[in-house]
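> Attaching a single structure in structure tokens format; questions to follow.
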Amino acid sequence: RDQPRSRGLGDVYKRQDYGFAPNPFHGVLSLATCKGDIRNNKHLEIGDWIIGLGSVAMNNLNHLIFAMKLEEKITFDEYWNDERFQCKKPILNGSLVQMYGDNVYHTDEQTGKIIQESCAHSNQDGSTDLKHYDRDTAGLYVLLSRTFYYFGDKAPLIPEEFCYIYNVARNLKFTDLMGHDKEILSFINWISSNYTQGIHGDPCNWKEYKLPEMDIYEDE
């Protein structure tokens, strides 16, 4: 839909950001791991917006990490087998973009159990990290969008006029805005009027890798 829905905003409160959840690369922002509650949310529908906010832990409270318009919901197996998303399968000895690929879960045909491939959420030896496994597989769907804004370490502070967006909860929330079209339109218009769609910064925690700064983003 050309206009954002007037029903809801899903807010993700982030404590770290490595480009894994969400994964903004290869032209599609995907939310395939973590946040099982929001990936299963019964209220969430195609056309809703999901936003990721900064946190005290990342020293960017009330900054906008990402915003995505939900355009597709698919299962782990559909994600794993889809030719469009083979590029999102992790290559752990590759670039950072490849290392943090999030297409990592699929069903074992013989056992019927979900497998966790070696990835950013597995143990260092490649074995399954049960804590991450349980949290990730609690969400039934992979959420996808080509209509997204990903800011990462260039996350802008959300103006006070949109304080209703601020997430004071620890994890996530779903804000029911039925009948409040102006609030959603105003916030989305603020983003679209000031920024182009796509990637504007590195994942916040990539600074740990001490990479040289590269001027490759559209808005600096």
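The values are calculated or read from the model by the stated rules, or taken from the named source; none is laboratory data. Since this is a predicted model, take the numbers as computed values, not measurements. Here Cβ is always computed from backbone atoms with ideal geometry, including for glycine, and neighbour counts include all displayed protein chains. The area values use the complete protein model at the heavy-atom level, side chains included, leaving out ligands, DNA and RNA. Shrake-Rupley method; radii C 1.70, N 1.55, O 1.52, S 1.80 Å.
> What are the residues in the stretch 154-169 that are assigned to a loop (DSSP other than H, G, I, E, B) and modelled with pLDDT of 80 or more, if any?
Restricting attention to the stretch 154-169, the residues satisfying the condition of being assigned to a loop (DSSP other than H, G, I, E, B) are 155-156, 158-159, 166-169.
Listed by number, the residues that qualify are A155, P156, I158, P159.
> To continue, here is another question. Is it the case that the stretch 135-153 has a residue that's open to solvent by 40 Å² or more (accessible area, probe 1.4 Å), in contact with an Asp or Glu (Cβ under 6 Å, 6 or more places away or on another chain), at pLDDT 80 or above and closer than 26 Å to V28 by Cβ? Write out each step before concluding.
So the first thing to find is which residues in the stretch 135-153 are open to solvent by 40 Å² or more (accessible area, probe 1.4 Å), and the list is 135, 138, 140-141, 146, 153.
Retained after the next criterion (residues that are in contact with an Asp or Glu (Cβ under 6 Å, 6 or more places away or on another chain)): 153.
Retained after the next criterion (residues that are at pLDDT 80 or above): 153.
Remaining after also requiring closer than 26 Å to V28 by Cβ: 153.
Within the stretch 135-153, one or more residues are open to solvent by 40 Å² or more (accessible area, probe 1.4 Å), in contact with an Asp or Glu (Cβ under 6 Å, 6 or more places away or on another chain), at pLDDT 80 or above and closer than 26 Å to V28 by Cβ.
> Evaluate the following for T107: is it touching a Lys or Arg at 6+ places or on another chain (Cβ under 8 Å), without any contact (Cβ under 8 Å) to a residue 60 or more places away in the chain and open to solvent by 30 Å² or more (accessible area, probe 1.4 Å)? Even if it seems obvious, please write down each step before you answer.
Numbers: touching a Lys or Arg at 6+ places or on another chain (Cβ under 8 Å): yes; without any contact (Cβ under 8 Å) to a residue 60 or more places away in the chain: yes; open to solvent by 30 Å² or more (accessible area, probe 1.4 Å): yes.
So T107 fits the description; yes.
> Quick one: in the stretch 170-201, of everything that is at pLDDT 90 or above and among the small types (G, A, S), which residue is most open to solvent (accessible area, probe 1.4 Å)?
Only one residue fits best here, namely S193.
> I've got another one for you. Report yes if some residue within the stretch 19-33 is closer than 18 Å to Y133 by Cα, at pLDDT below 90 and open to solvent by 10 Å² or more (accessible area, probe 1.4 Å); otherwise report no.
no
> Residue check: is S127 free of Cβ contacts under 8 Å to residues at least 12 places away in the same chain and in a loop (DSSP other than H, G, I, E, B)?
Details: free of Cβ contacts under 8 Å to residues at least 12 places away in the same chain: yes; in a loop (DSSP other than H, G, I, E, B): yes.
Against the criterion (free of Cβ contacts under 8 Å to residues at least 12 places away in the same chain and in a loop (DSSP other than H, G, I, E, B)), S127 qualifies.
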